[in-house]
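All remarks here apply to the structure that follows.
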Amino acid sequence: MALSTQARGTALATAGILTLTPDTLLVRLIAADPWLLLFWRGGLMALTILIAWWAVTREPPWRALTRIGRTGWASGMALGLGSVCFILSLNYTAVANTLVIISSGSLFGALLSRAFLGEPVPLRTWAAIGAALAGIALLVFGGRIFGDDAAGQTGSRLGDLIALVAALLMAIHLVILRASGGRIPSTPVVGVGGLTCCITGLAVALALGLRPLLPDADVVPLVLVYGLVVLPVSFALISSAPRYIPAAEVSLIMLAEAVIGPFWVWLAVDEVPPTATFAGGAVVLTTLVLHGIAGFRAERRRRLA
């Protein structure tokens, strides 16, 4: 029995986000310098994505990278720099903090769409933005309320701030793609993101004199699984889902990472999020889920009108 369009899109998005949930756990297990990890992560992802594009479309990668133009490169570079901020954030703060803050990126996207594309921002989105910002503030500064010293450490706050920058960069990446009206294929753009991540990590690693550039033998299997399977497969599946279901529905499904990702880390390395993270994360995730449900209902009303 053939899947409906809705079921196909939901299945793609769900499979993609479930594949991505070990992302933060692998970062913790590899335990490498963040700049070296960025070099491996970006290089392997770009290699896999571009070779897969060549195999499927028969278009050489260099031609695809040229065809997407400056707009595609701008979107890809925003994605790559967002990945840089994501890894750096994990180096300073708890996994749960990073994932919850990045999950608010869809709200940044709404503001950017309003500013640069002229798309109206519904009242429910403004309310959600206010509630999400309140939740993030609770997550970052709530240590004083709950007496949780870990939530108030300078390093943790720096990591939270970097995660906020990552969320903004991811939103910029998606808004640029949206502004292109579907004229730019997303796969080469993801390849640009991988190359940006790789080159940034390599440049900083060389500047800092980090050696060797090759990973330690005991983490090579984890690095290969991370760069050759988890990242390219998840991004390929997630980027295909909007062909069948609205991007808002994809964003809602992606919230699962903010819940499942910290769970894997807790099971494997016993990293327990501070109380402030639970409180602030609950506010942010509840806000995003309610906002997504309201958006789906509004979309259905428009279709039936």
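The values are calculated or read from the model by the stated rules, or taken from the named source; none is laboratory data. This is a predicted model, so every value here is computed, not measured. Cβ coordinates were reconstructed from backbone atoms using ideal geometry, including for glycine residues, and neighbour counts include every protein chain displayed. Only protein heavy atoms, including side chains, enter the accessible area calculation; ligands, DNA and RNA are left aside. Shrake-Rupley method; radii C 1.70, N 1.55, O 1.52, S 1.80 Å.
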If I filter segment 142-167 down to residues being at pLDDT 75 or above and open to solvent by 70 Å² or more (accessible area, probe 1.4 Å), which single residue comes out as farthest from residue 282 (Cα to Cα)?
158
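Residues that are open to solvent by less than 30 Å² (accessible area, probe 1.4 Å) and under 30 Å from residue 116 (Cβ atoms), at least 3 per element: which helices (runs of 4 or more DSSP H) completely within segment 181-242 meet that? Talk me through it step by step, then tell me what you get.
Working: elements: 186-207, 220-225, 231-240.
Per the criteria, 186-207, 231-240.
Only one residue in 96, 78 is open to solvent by less than 30 Å² (accessible area, probe 1.4 Å) and in contact with a His (Cβ under 8 Å, 6 or more places away or on another chain), so which one is that? Even if it seems obvious, please write down each step before you answer.
Details: 96 fails: in contact with a His (Cβ under 8 Å, 6 or more places away or on another chain).
Of the residues listed, the single one that is open to solvent by less than 30 Å² (accessible area, probe 1.4 Å) and in contact with a His (Cβ under 8 Å, 6 or more places away or on another chain) is 78.
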Any residue at all in segment 81-94 that's over 27 Å from residue 218 (Cα atoms) and among the hydrophobic types (A, V, I, L, M, F, W, C)?
yes
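Are any residues in segment 286-297 farther than 15 Å from residue 103 by Cβ and modelled with pLDDT of 75 or more, and if so, which ones? Talk me through it step by step, then tell me what you get.
We begin by selecting, within segment 286-297, every residue farther than 15 Å from residue 103 by Cβ; these are 293-297.
Correct list: 293, 294, 297.
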Filter segment 258-279 down to the residues that are closer than 20 Å to residue 167 by Cβ and at pLDDT 80 or above, then identify the one that is surrounded by the most Cβ atoms within 10 Å (Cβ to Cβ).
262
